[in-house]
Every structure is written in C-alpha cells, then in structure tokens.
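*Asks:* One structure follows; several queries about it will come next.
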Amino acid sequence: MAEPAGWRMTPDEFFAWQLHQDERYELVDGIPILRHRMMTGSSTQHDQATVNIIASLHAQLRGSGCRPTTADIAIRTGIRDLRRPDVMVECAELVRDTYEAREPRLVIEVASPSTSAVDRTRKLEEYKRHPTLRCILLVETVLPQVLLYRRNDVGWAIETFDGLAAIIDLPEIGARLTLSDIYDGLTFGPHWNPAAPQPEG
C-alpha cells in the first residue's frame, strides 16, 4: 500500500494504520517512512550481526525483567516520531498487544551503507532525548568496531571498541557484549588487518 501523503499522523493513528500494512514503517515528523527504503544496501552482514546480538542478550537477560526486542517494536523519540532500532532492550513488564517500548534502556543500530549517516546524526540525537535510555550502540559491519554512547550525570559520553577481543560492559542492563560474539560469522575486507594493534575499549 502506498504511503499516505499530505497529512501527518499522531503515534496512535500511525499504529492503527501500520496494522494494515505489509511492511514496517517509521514515523518521522508525523509522516510514515518505509523502513526498507531507509535500509537499502543492508546485507547478510547486517542480518547476521543483528541475530548475534539478540541471541547474546536473550541468553544473558532471561529472567532478569529485561529482554531484547526486534524492529517490530518502536520507540517514541518525539511527539510525532517513532523509530524502529535493529535491537532494543526493554525493561518494562511485558504487555500483550503493544507496539511501543515503555521503558527501553538500550538501543542498537547495526550500520548499513544507506543508513549510517542518519544513524549517527538525527536518530542518535533523537535517542539521546529519550528519558529512560541509558546506552546507545552503533555497530559497524565493514570492520569490527562499535561506538557506545552512555548516559552519565552531565550528559552522554562516547566510548569506542575495536577488534574482536574487545568487551562492552553494560551494567545498566546487567549484561555484556563481546565483539567476537557480535561479529561471529561475519567477514571483513582486505583493508582490515586483525593482526594490527587495536585500541582498548
């Protein structure tokens, strides 16, 4: 079904409309935007990294009250804005028939060539405004590198993790992610040298 034109939706109107669509949409300034259009250029690298992250978080968070979610669940980032991160960790009680996270602690965006610029600019700033988010992870797929934005008392601090030996501690959700797990099964181009010294995260 074609995207509506000429009018803006509220999040509630959007969720009612989304139920009748075959594809996932995000809401940007009240306008539904097809998520697959934004994801042009994604690959098996993107898919494998996303699956790896969900598998690791699910195993660690089981029984904790927090759980990983897929892009089926949206996060409200403004009055008329809803985003669908590749992975999110929700720590509110599970409620049936809801399509929006209520207490997200972590969002993760796995880079694709067509989305990297948006992930690092507009979406990043939107996520930073969410009151319950504590961590934002931006995961590269052309090399093993992850950027972590962590909320502190004065704002957000950034940490960089490079190389398959790096470990990301996430006490905010009671878990950790190793880059060897995130990138399990992925391959990198000849420009990446695994023997080169890697900075510590």
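*Asks:* Among the residues of segment 52-67, is there at least one that is out of contact with any Cys (no Cβ under 9 Å at 6 or more places or on another chain) and within 30 Å of Arg8 (Cβ to Cβ)?
*Replies:* No, the conditions are met nowhere in segment 52-67.
*Asks:* So which residues in segment 41-65 are open to solvent by less than 40 Å² (accessible area, probe 1.4 Å) and modelled with pLDDT under 95?
*Replies:* Residues satisfying the conditions are Gln45, His46.
*Asks:* Here are some conditions: (1) over 14 Å from the mean Cα position of the chain (by Cα); (2) modelled with pLDDT under 90; (3) more than 23 Å from Phe161 (Cβ to Cβ). Arg122 meets all but one. Which one does it not meet?
*Replies:* Failing condition for Arg122: (1).
*Asks:* A further question follows. When segment 76-91 is examined, which residues are found to be over 20 Å from Ser112 (Cα atoms) and of a type in the set (A, V, I, L, M)?
*Replies:* Within segment 76-91, Ile79, Val89 meet the criteria.
*Asks:* Also: Kindly check whether there is at least one residue in segment 183-201 that is at pLDDT 95 or above and within 24 Å of Ser64 (Cα to Cα).
*Replies:* Among the residues of segment 183-201, not one is at pLDDT 95 or above and within 24 Å of Ser64 (Cα to Cα), which makes the answer no.
*Asks:* Something else about it: How about segment 49-92: which of its residues are under 18 Å from Leu133 (Cα atoms) and among the hydroxyl-bearing types (Ser, Thr, Tyr)?
*Replies:* Ser64, Thr69, Thr70, Thr77
*Asks:* Turning to a different aspect of this structure: Taking segment 66-112 on its own, how many of its residues are open to solvent by 50 Å² or more (accessible area, probe 1.4 Å) and assigned to a loop (DSSP other than H, G, I, E, B)?
*Replies:* Here the count works out to 13.
*Asks:* Now for a separate question. Could you check segment 156-186 and list, in sequence order, the residues that are open to solvent by less than 20 Å² (accessible area, probe 1.4 Å) and assigned to a strand (DSSP E or B)?
*Replies:* Within segment 156-186, Phe161, Ile168, Leu170, Ala175, Leu177 qualify.
The values are calculated or read from the model by the stated rules, or taken from the named source; none is laboratory data. As the structure is a prediction and not an experimental result, all values here were calculated from the model. Neighbour counts run over all protein chains shown; Cβ positions are idealised from the backbone, glycine included. What goes into the accessible areas is simple: the full protein's heavy atoms, side chains included, and nothing from ligands, DNA or RNA. Shrake-Rupley method; radii C 1.70, N 1.55, O 1.52, S 1.80 Å.
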